[in-house]
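Step one of this worksheet: look at the structure below.
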Amino acid sequence: MSSSFPAMPSPAQAARLVLVRTRTGVKPYLTPWLLVLPATLMFVALFLLPMLALFVSSFHGYDPNVGIIRVLSVQNYVKFVSDPYYREALVRTLRIALMVTILSGLLGYPVAYHLNQVGGRTRTYLTLAILSPLLVSLVIRTFGWLIILGPNGVINFLGRGLGILGAPLKLMYTEGAVIVGTLHVYLPFMVLALLSSLQNIDPNLYQAASNLGADPVRRFVHVTLPLSLPGILAGSLIVFSLSVSSFVTPAILGGARVKVMAYLVWEEDLVMLNWPFGAAIAFILLVITIAIMLIYHRILEAGRYGVVFQ
Amino acid sequence: MADLQLTDIRKIFDTFVALRGVSLEIARGEFVTLLGPSGCGKTTTLNLIAGFIEADGGEIMIGGRPVTGIPSHKRNLGMVFQNYALFPHLTVFDNIAFGLKMRRVERAEIARRVDRALALVRMPGLERRYPKQLSGGQQQRVALARALVIEPAILLLDEPLSNLDAKLREEMRVELREIQREVGITTVFVTHDQEEALVMSDRIAVMNCGMVEQVGTPAEIYERPATNFVAQFVGESNCFRGHVEESREGVVVVKTEEGLIIRARSDRAWRPGDRVQVAIRPEKIQVGESPNRPAAIAAVLERVLYLGASVRCLARFHQRKLIASLPNVGPLARLTVGAEISLGWSEEDVILLPGDA
């Protein structure tokens with residue numbers, strides 16, 4: 001951080017530095033540190049330390065009759081890995097997050113592309129429309145899906161009324177319901193990430209590609225798509241990490257039938273009161289998510305168009 | 001036969017009339033510059049030729065064939081953009097190869113032609129670099145190679161030199177022209193820089209307010225501007241308003257508003273009483289110590305600007321400021337500010353233009 005100050009400040013910079021010093025009585029090189037201090041303190045006190053405590057507690061034991069046993073062992077991790085019930089929940093969680101990420105990319109790209117084409121006021125209104133779901137509480141939005149997907153919900157009601165469906169379709173408490181509900185919540189993040197990278201593309205590049213003989217399809221494949229990779233990366237990292245850890249939507253739309261990792265943590269902590277095992281589950285999810293994100297980033301960076309990430 | 005022919009091209013953006021009937025013929029291998037201030041329609045003209053936008057009227061013919069309705073990717077034109085528009089995600093090689101890949105040229109042939117293009121723009125050995133690792137001048141060469149490698153019917157240059165620093169810009173003027181001659185490609189060059197236009201062009205089309213004011217060789221444009229705008233925009237002029245007193249055998253006598261009598265040569269038929277403008281280039285004015293020639297006037301020297309290669313004298317004649325530009329030869333001591341000097345010119349250097357109504 002101190003390297004952001006040049007060795008020899010220009011006269012204007014020097015004047016500014018002197019001003020800072022005389023006004024506040026603070027040495028100028030301390031200023032950047034002071035600026036980040038409050039946020040850093042909060043981050044350390046409210047996130048880093050609790051996480052550390054959580055990590056330590058994940059090695060503790062638990063007995064329903066005694067409570068938490070303060071030993072250090074890997075038994076919680078062994079339990080998770082050896083029981084297919086937990087392994088399946090992990091795979092299910094990752095599968096749902098992956099589907100949500102892929103679908104949000106496929107649905108979000110055309111929207112972002114269109115938003116980038118339209119100008120001025122139209123874009124503002126459309127962006128607001130895309131963000132509008134975020135203005136409604138997560139719980140309310142998810143209950144909305146219940147009305148649509150339930151046994152007597154809109155889909156089944158219409159289906160039976162029109163004679164398309166015989167017996168009601170089982171839509172609630174399925175992986176599909178969780179995917180659709182989660183997708184609905186996180187799609188705006190994907191659109192915004194894609195939009196910002198599309199906006200960064202110099203419009204002259206399209207003309208150049210066209211001039212060099214690229215039809216609209218090849219222009220998209222060879223210019224637009226590679227240059228929007230940073231947006232695809234950012235969008236999918238945000239959406240994946242949010243969906244992999246989401247709790248409310250899977251709990252309401254999937255319930256006990258579609259258990260995801262966050263649901264397991266809740267169950268262990270608040271139903272079984274086995275906090276150490278709950279902590280272990282949380283850490284397994286955290287580490288695997290970080291690993292997946294890092295590998296994904298690496299793969300894109302090492303790929304043919306890695307230069308666009310620099 | 002013209003390689004590129006524009007006939008009465010019109011273009012309107014919403015309420016702004018960008019082009020109001022532009023016609024221009026460019027022969028094979030010719031280097032023609034569209035010169036004008038910003039907003040004159042020169043870039044619009046270039047974009048219309050490139051096919052990025054469609055005209056609202058008129059016809060564009062390339063190689064004798066009308067291109068109306070043909071999208072830009074099927075026009076086979078090479079273009080160099082003001083900001084070069086190199087693909088940042090592709091190496092120099094892939095940037096230049098882009099057009100060839102789009103034409104489905106085979107790999108070995110692509111490699112050969114990219115090599116040749118890089119040699120043509122004097123920049124071999126940087127194939128694996130990315131655009132942002134190159135200097136502005138290098139990027140420009142890559143952009144030129146990329147445009148030329150597809151062997152386009154016409155080369156379009158949109159102010160390609162304006163982002164280079166002054167020294168490099170002057171070198172590239174010469175070099176760009178050399179490469180263009182080497183390839184022998186018909187070229188349309190857009191610039192607002194009159195010096196660039198004069199140095200580089202076979203012919204210049206001076207544009208203003210969506211129209212072509214004059215088309216001619218650099219010398220014609222400078223020595224014989226057809227309109228007041230051309231005289232003002234290309235180079236500098238000392239201007240006088242007045243009317244024709246008499247016109248006989250190509251010699252026109254003008255009386256200016258100050259009562260000055262100026263004789264000019266002109267092929268046009270002028271009639272006594274016609275309102276005219278008289279323009280004289282600063283470097284065509286001779287400065288003397290005292291009025292000693294018939295065509296000379298007495299003026300007061302107000303300032304002397306030293307420019308190194310030349311010296312500019314700002315003088316006052318009646319209420320009018322006059323500029324004379326002298327080559328920096330011999331002693332300059334005789335130029336005393338505040339002294340009376342004589343300004344003279346020969347009548348063949350006087351430019352006669354129709355005056356405003």
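The values are calculated or read from the model by the stated rules, or taken from the named source; none is laboratory data. What you are looking at is a predicted structure, and each value in this text was computed from that prediction instead of being measured. Cβ placement follows ideal geometry from the backbone for every residue including glycine, while neighbour counts extend to all protein chains displayed.
Odds and ends about this structure:
- Among the candidates A:229, A:264, A:242, the residue that is more than 26 Å from residue A:150 (Cα to Cα) and not basic (Lys, Arg) is uniquely A:229.
- Boolean, residue A:216 is more than 31 Å from the chain's Cα centre (by Cα) and at the interface with chain B (Cβ under 9 Å from one of its Cβ atoms): yes
- Close Cβ contacts (under 9 Å, 6 or more residues apart or on different chains) running from residues in segment A:69-82 that are more than 19 Å from residue A:273 (Cα to Cα) to residues that are surrounded by 13 or more Cβ atoms within 10 Å (Cβ to Cβ) comprise A:81/A:284.
- Count - residues of segment A:246-261 that are surrounded by 17 or more Cβ atoms within 10 Å (Cβ to Cβ) and assigned to a helix (DSSP H, G or I): 6
- Residue within segment A:15-36 that is at pLDDT 90 or above and surrounded by 14 or more Cβ atoms within 10 Å (Cβ to Cβ) present: no
- Condition check for residue B:175 on (1) in contact with a strand residue (DSSP E or B) (Cβ under 9 Å, 6 or more places away or on another chain); (2) surrounded by fewer than 20 Cβ atoms within 10 Å (Cβ to Cβ); (3) at negative phi: one failure, at (1).
- Take the conditions (1) away from every other protein chain (no Cβ under 14 Å); (2) surrounded by fewer than 12 Cβ atoms within 10 Å (Cβ to Cβ); residue A:119 misses just one of them, which is (1).
- Among residues of segment B:52-67 that are within 14 Å of chain A (Cβ to nearest Cβ) and touching a residue at least 60 places away in the same chain (Cβ under 8 Å), none has a beta-carbon under 6 Å from a residue that is of a type in the set (Val, Ile, Thr) and part of a strand (DSSP E or B) at least six positions away or on a different chain.
- Selected residue (criterion: surrounded by the fewest Cβ atoms within 10 Å (Cβ to Cβ)) from residues of segment A:143-171 that are modelled with pLDDT of 90 or more and touching a Gly at 6+ places or on another chain (Cβ under 6 Å): A:147
- Taking (1) more than 26 Å from the chain's Cα centre (by Cα); (2) surrounded by 11 or more Cβ atoms within 10 Å (Cβ to Cβ) in turn, residue B:326 satisfies each apart from (1).
- Criterion (more than 14 Å from chain B (Cβ to nearest Cβ), within 30 Å of residue B:97 (Cβ to Cβ), crowded, with 19+ Cβ neighbours inside 10 Å and touching a residue at least 12 places away in the same chain (Cβ under 8 Å)) met by exactly one of A:194, A:264, A:285: A:194
- Criterion violated by residue A:243 - all others in (1) within 24 Å of residue A:76 (Cα to Cα); (2) buried (at least 23 other Cβ atoms within 10 Å of the Cβ); (3) among the polar types (S, T, N, Q) satisfied: (1)
- All of B:144, B:161 fail the test of being closer than 28 Å to residue B:26 by Cβ, out of contact with any helix residue (DSSP H, G or I) (no Cβ under 6 Å at 6 or more places or on another chain) and not hydroxyl-bearing (Ser, Thr, Tyr), apart from B:144.
- Considering residues of segment B:114-142 that are more than 14 Å from chain A (Cβ to nearest Cβ), among the charged types (D, E, K, R) and not in a helix (DSSP H, G or I) only, the residue farthest from residue A:213 (Cα to Cα): B:122
- Filter pass, residue B:238 being at pLDDT 95 or above and either of a type outside the set (Gly, Ala, Ser) or over 15 Å from residue B:273 (Cα atoms) (or both): no
- Being assigned to a helix (DSSP H, G or I), under 27 Å from the mean Cα position of the chain (by Cα) and at pLDDT 90 or above is a description that does not apply to residue A:134.
- Top-ranked residue in segment B:146-170 [being part of a helix (DSSP H, G or I) and closer than 17 Å to residue B:82 by Cβ; ranked as nearest to the chain's Cα centre (by Cα)]: B:169
- Verdict on residue B:237 being surrounded by 20 or more Cβ atoms within 10 Å (Cβ to Cβ), small (Gly, Ala, Ser) and in contact with a Leu (Cβ under 9 Å, 6 or more places away or on another chain): no
- Close pairs from segment B:145-156: first within 11 Å of chain A (Cβ to nearest Cβ), partner surrounded by fewer than 24 Cβ atoms within 10 Å (Cβ to Cβ) and basic (Lys, Arg), Cβ under 8 Å, at least 6 apart: B:149/B:113; B:149/B:116; B:150/B:103
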